[in-house]
1. So, counting K/R as plus one and D/E as minus one, what does the shell of residues with Cβ under 15 Å around Ala23 add up to?
2. What is the dipole size for region 1-92, taken about its Cα centre, with +1 at each Lys and Arg Cβ and -1 at each Asp and Glu Cβ, in debye to the nearest 20?
3. In whole percent, how big is the carbon plus sulfur part of the accessible area of the chain, probe 1.4 Å, protein atoms only?
4. What are the residues whose amide H is under 5 Å from the amide H of Lys86, where those residues sit 5 or more places off or on another chain and H is modelled from the backbone?
5. I'd like the distance separating the alpha-carbon centroids of region 61-85 and region 1-32, in whole Å.
6. Glu88 to Thr52: FRET efficiency via 1/(1 + (r/R0)^6), r the Cβ-Cβ distance, R0 25 Å, to the nearest 0.05?
7. Given a 1.4 angstrom probe, what's the average accessible area per residue across the chain, in square angstrom?
Amino acid sequence: QVQLVESGGGLVQPGGSLRLSCATSISILRMNNMGWYRQAPGKQRELVATITGGGGPNYADSVKGRFTISRDNAENTVYLQMNSLKPEDTAVYYCNARSYAANTYWGKGILVTVSS
């Protein structure tokens, strides 16, 4: 069973930065696509950013220019660098992985709170 473990969340002031990490239990080279989603209170889960095996990133319009997704194949870890954070970025952030066999895996989620 593939396990995804998020870390790096917490409370940050508006304009601040956080870096989320997602450590996987297997080689991420076996994953076609990895990404981050988020779910704010009372809202549906939404895509934040994804990155393919070839390294091509994709971002939601709301985070373009502020967030950067990256992957370290040697460490089997995916990162989400979040800069210029806004209160509306407050949400539970989930790591997602999709294998080449079209299996989907989720982490348990980690809370990010942007507030003064």
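The values are calculated or read from the model by the stated rules, or taken from the named source; none is laboratory data. It should be emphasised that the depicted structure is a prediction, and the values quoted were computed from it without experimental measurement. Backbone-built Cβ (ideal geometry, glycine too); neighbour counts: all protein chains shown. Side chains included, ligands, DNA and RNA excluded: accessible areas come from the protein's heavy atoms. Shrake-Rupley method; radii C 1.70, N 1.55, O 1.52, S 1.80 Å.
1. Working: positive: Arg19, Arg30, Arg71, Lys108; negative: Glu6, Asp72, Glu75.
Result for the neighbourhood of Ala23: +1.
2. Details: 9 positive and 7 negative charges, 20 e Å.
The calculated dipole for region 1-92 is roughly 100 debye.
3. Details: 2820 of 6080 Å².
After summing per-atom areas, the C and S share lands at 46 percent.
4. Gly15
5. Region 61-85 and region 1-32 have Cα centres separated by 9 Å.
6. Efficiency for this residue pair is about 0.40.
7. Numbers: 6080 Å² over 116 residues.
Value for the chain: 52 Å² per residue.
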